[in-house]
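Take a look at the structure set out below.
Computed from the coordinates by the stated procedures, all read-outs in this text should not be read as laboratory data. Remember, it's a predicted structure, so these values are computed and weren't measured experimentally. Cβ placement follows ideal geometry from the backbone for every residue including glycine, while neighbour counts extend to all protein chains displayed.
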Amino acid sequence: MGGTILVSKGKGFATSTVDFDYLTERIRAELMSKDPSVLTAAYEPLDDGGMTFLSLEAFDGESYRIFVEATKQAELKASTDASFSTRSVLWRQLHEMLQRDARLTGSR
């Protein structure tokens, strides 16, 4: 079993359940203070449906950029943890996938 952050149609970041929980809870903490509406929309499948995925598929450019920025902030805070070295590759892979989406440049 595992979890996935669905970025766009046919594209997602799949991880183990442990890594999914780690990432999603770190990102949740950032979104909670930055933009609760983006949090609610992205986490609806997880929180309301009990599914092991987040969905960014329906996000417009602004909401997508808010999610990406929250992810960067979550990583920055996580980088102070002793265990960060074992998860730094996970963060990098997630960022690489998020950066490939056209919504960051507004050309969706």
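What to note about this one:
- Its relative contact order, with pairs defined as Cα atoms under 8 Å and 6+ residues apart, puts the range 2-102 at 30 percent.
- Among MET51, MET1, the ranking by other beta carbons within 10 Å of each residue's beta carbon, starting with the fewest, stands as MET1, MET51.
- Shape index of the range 2-102: Rg/Rh, with Rg the Cα radius of gyration and Rh the Kirkwood radius from the inverse mean 1/r over Cα pairs, equals 0.92.
- Ranked by the mean number of other Cβ atoms within 10 Å per residue, highest first, peptides 64-71, 12-19 order as 64-71, 12-19.
- Pair SER79, ASP19: separation of 7 Å Cα→Cβ label points (nm): 2.0
- Local electrostatic count at LEU90 - Lys and Arg +1, Asp and Glu -1, tallied over other residues with Cβ under 13 Å: -2
- Each Lys and Arg adds +1 at its Cβ and each Asp and Glu adds -1 at its Cβ; summed about the Cα centre, the chain shows a dipole of about 380 debye.
- When peptides 92-101, 79-88 are ranked by their average number of other Cβ atoms within 10 Å per residue, the highest-first order is 92-101, 79-88.
- Spin-label model, MET1 to GLN99: label points 7 Å out along the Cα-to-beta-carbon direction sit 3.3 nm apart.
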